[in-house]
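> Can you read through this structure? Questions will come right after.
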Amino acid sequence: MTLPSFHRVPDNAQTKTVPSDIRARNIMAAFNLLFPSTTMSRSELGKRLGLSRMATTDVTGEMLDDRIIREVGEDTRSGRGKRSVLLGIDTSYWRIISIDLSQHYVIKGALTDLGGRIIDRLEIPVEDDVMPFDPIIDAAKRLLTMSPQPVLGIGLAVPGVVTPEGNVTSAVQLGWKNIDASTLLHEATELPVCVCNATNMALLAERFFGEGSDNSMLIRIGAGVGASLCVNGQIVEGDHYMAGEIGHVVVDPEGPACACGKRGCLEAYLSTNNLYAQIAADPSRRSEILTGAGQLLGRVMATPLALLNLHDVSIDAPADIGGETFLNAMGGELSAAMNTAYMTIPQLHRCQVGADASLRGQAISIIRWLVPYIRNFEEQPK
């Protein structure tokens, strides 16, 4: 499965366009205009999509029948004439199962609606250093029984390298190597499964529910350090699906030892484990430690951010780490390195979605993948 972009264009689009392709694209284009919470009349949708009145009626009629959208009332414009009926995403029917493995020793799961809002949730503690797969299947099945509504598909957010087919080639935090997570979950549940990198999914959530844009980056600081990049509305995965794996880039060959075996990796300086240990050793130096961490990240990221010309950068870190002290220090370093008469630094802010970022982003990925196939639900791509 290919990770959906913010503006969905299938990577496997055929040269010859057939009616089913046109239908799926029109449905997805209409959905994009309304997601997550916009309302719009049929006539306005038709104008935005460049469709005739008849084609717009056909597309919206099918989406209404399939419970993708619903009528949410009339517009409030003043003046004479019949008021238009407004359409919005139908959040009352379909459900999505989303599972996040990015936090140590816990499986977080949620049921969301078609707007990406969490309806119900569960957490399963796991004591093993190597994440077993059976509790993940158990979480999916429990969420399936918790839903009184039909479930569209399952998303799994993993802190590691994931291929488009859902194979986790490496996830050090989980102790995984070459785990075909998509097939294992699909065989256990018989539902479509989408497996994605957890930081990419956090960026997806920040784009739709936070302050992210079509040209943005999210940097996640936790037990590890990683980043996700969006350019012109498309998440960048890289040649081997490792874009954003910045944690084990060496910033000082003489620096502290890293768990990977090298010295001076970015993660050896910025992981929350390291920062908390430094602060615990001398609480009076907390501000100094966080200032130094923010300055380091600013120096390391100045060149790639200048190269990319992004609109904004989100920092996804615990509030007591990635707060004002850290952000101000990082911003100061970026300003010193980047600001010129023709270039300013990207907007720098905390991730606004919080601890549910990967859960909600993974739900978005499933939604945008499967919405065009709801009519033929039994024939959805696996």
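The values are calculated or read from the model by the stated rules, or taken from the named source; none is laboratory data. Everything numeric in this text was worked out from a predicted model, so none of it was measured. Positions of Cβ are generated from backbone atoms using ideal geometry, with glycine treated the same way; all protein chains shown enter the neighbour counts. Accessible surface areas use protein heavy atoms only, side chains included; no ligands, DNA or RNA. Shrake-Rupley method; radii C 1.70, N 1.55, O 1.52, S 1.80 Å.
> Mind checking which residues of the stretch 174-185 are in contact (Cβ under 8 Å) with a residue 60 or more places away in the chain and surrounded by fewer than 19 Cβ atoms within 10 Å (Cβ to Cβ)?
In the first step, residues of the stretch 174-185 are kept if they are in contact (Cβ under 8 Å) with a residue 60 or more places away in the chain; the result is 174, 182.
Across the stretch 174-185, there are no qualifying residues.
> Okay, next question. Please find, within the stretch 236-256, the residue that is farthest from Pro164 (Cα to Cα) out of those that are aliphatic (A, V, I, L, M) and in contact with a helix residue (DSSP H, G or I) (Cβ under 7 Å, 6 or more places away or on another chain).
The first filter runs over the stretch 236-256 and keeps only residues aliphatic (A, V, I, L, M), leaving 236, 242-243, 246, 249-251.
Add one more test, that the residue is in contact with a helix residue (DSSP H, G or I) (Cβ under 7 Å, 6 or more places away or on another chain), and what stays is 246, 249, 251.
Details: Ile246: 20, Val249: 24, Val251: 30 Å.
Result: Val251.
> Which members of the stretch 100-137 meet the condition of being open to solvent by 70 Å² or more (accessible area, probe 1.4 Å) and more than 30 Å from Met28 (Cβ to Cβ)?
Gln103, His104, Tyr105, Glu123, Pro125, Glu127, Asp128, Asp129, Val130, Asp134
> Can you list residue pairs whose Cβ atoms sit under 7 Å apart, with the first residue in the stretch 274-292 being over 19 Å from Gly224 (Cα atoms) and of a type in the set (Phe, Trp, Tyr) and the second being open to solvent by 80 Å² or more (accessible area, probe 1.4 Å) and in a helix (DSSP H, G or I)? Count only pairs 6 or more apart in sequence or on different chains.
Sorted first by the residue in the stretch 274-292, then by its partner, the list stays empty.
> When you go through (1) in contact with a Leu (Cβ under 8 Å, 6 or more places away or on another chain); (2) within 30 Å of Ser37 (Cα to Cα) one by one for Gly155, which number turns out not to apply?
(1)
> Scan Arg67, Arg25 and give me the residue that is at pLDDT 95 or above, touching a Ser or Thr at 6+ places or on another chain (Cβ under 9 Å), within 30 Å of Glu190 (Cβ to Cβ) and open to solvent by 70 Å² or more (accessible area, probe 1.4 Å). Show your work before the answer.
Numbers: Arg25 fails: at pLDDT 95 or above.
Being at pLDDT 95 or above, touching a Ser or Thr at 6+ places or on another chain (Cβ under 9 Å), within 30 Å of Glu190 (Cβ to Cβ) and open to solvent by 70 Å² or more (accessible area, probe 1.4 Å) holds for just one of Arg67, Arg25, which is Arg67.
> Just to be sure, is Ser314 at pLDDT 95 or above, in the same structural domain as Val251 (by the TED database) and under 30 Å from Gly153 (Cβ atoms)? First the steps, then the outcome.
Values: at pLDDT 95 or above: yes; in the same structural domain as Val251 (by the TED database): yes; under 30 Å from Gly153 (Cβ atoms): yes.
Taking the combined requirement at face value, the residue satisfies it.
> Being under 16 Å from the mean Cα position of the chain (by Cα), in the same structural domain as Asn328 (by the TED database), outside any helix (DSSP H, G or I) and within 21 Å of Leu327 (Cβ to Cβ): is that true of Ile246 here? Working first, answer last.
Details: under 16 Å from the mean Cα position of the chain (by Cα): no; in the same structural domain as Asn328 (by the TED database): yes; outside any helix (DSSP H, G or I): yes; within 21 Å of Leu327 (Cβ to Cβ): yes.
In short, no.
> Please verify whether the stretch 193-215 includes one or more residues that are open to solvent by 40 Å² or more (accessible area, probe 1.4 Å), within 23 Å of Leu327 (Cβ to Cβ) and among the aliphatic types (A, V, I, L, M).
The answer is no; no qualifying residue exists.
> Okay, next question. For residues that are in a helix (DSSP H, G or I) and within 14 Å of Ile221 (Cβ to Cβ), tally how many sit in the stretch 260-277.
10
> Within the stretch 251-268, take every residue that is open to solvent by 60 Å² or more (accessible area, probe 1.4 Å) and closer than 26 Å to Ala337 by Cα and give me the one that is nearest to the chain's Cα centre (by Cα).
Looking at the filtered set, the residue picked out is Arg263.
> Moving on to the next point. Given the options Ser228, Ser271, Ser287, name the one that is surrounded by fewer than 13 Cβ atoms within 10 Å (Cβ to Cβ) and either within 21 Å of Ile315 (Cα to Cα) or assigned by the TED database to the domain that holds Val106 (or both). Before the answer, list the steps.
Values: Ser228 fails: surrounded by fewer than 13 Cβ atoms within 10 Å (Cβ to Cβ); Ser271 fails: surrounded by fewer than 13 Cβ atoms within 10 Å (Cβ to Cβ).
Among Ser228, Ser271, Ser287, only Ser287 is surrounded by fewer than 13 Cβ atoms within 10 Å (Cβ to Cβ) and either within 21 Å of Ile315 (Cα to Cα) or assigned by the TED database to the domain that holds Val106 (or both).
> Shifting gears a bit: Give me the strands (runs of 3 or more DSSP E) completely within the stretch 145-203, filtered to those with at least 1 residues that are touching a Pro at 6+ places or on another chain (Cβ under 6 Å), ordered by residue number.
Details: elements: 151-158, 167-170, 193-197.
Passing ranges, in order: 151-158.
> A further question on this structure: For the stretch 28-52, give me each residue that is surrounded by fewer than 16 Cβ atoms within 10 Å (Cβ to Cβ), in contact with a strand residue (DSSP E or B) (Cβ under 9 Å, 6 or more places away or on another chain) and part of a helix (DSSP H, G or I).
If the condition is that a residue be surrounded by fewer than 16 Cβ atoms within 10 Å (Cβ to Cβ), in contact with a strand residue (DSSP E or B) (Cβ under 9 Å, 6 or more places away or on another chain) and part of a helix (DSSP H, G or I), then Leu33, Arg48 are the ones that fit.
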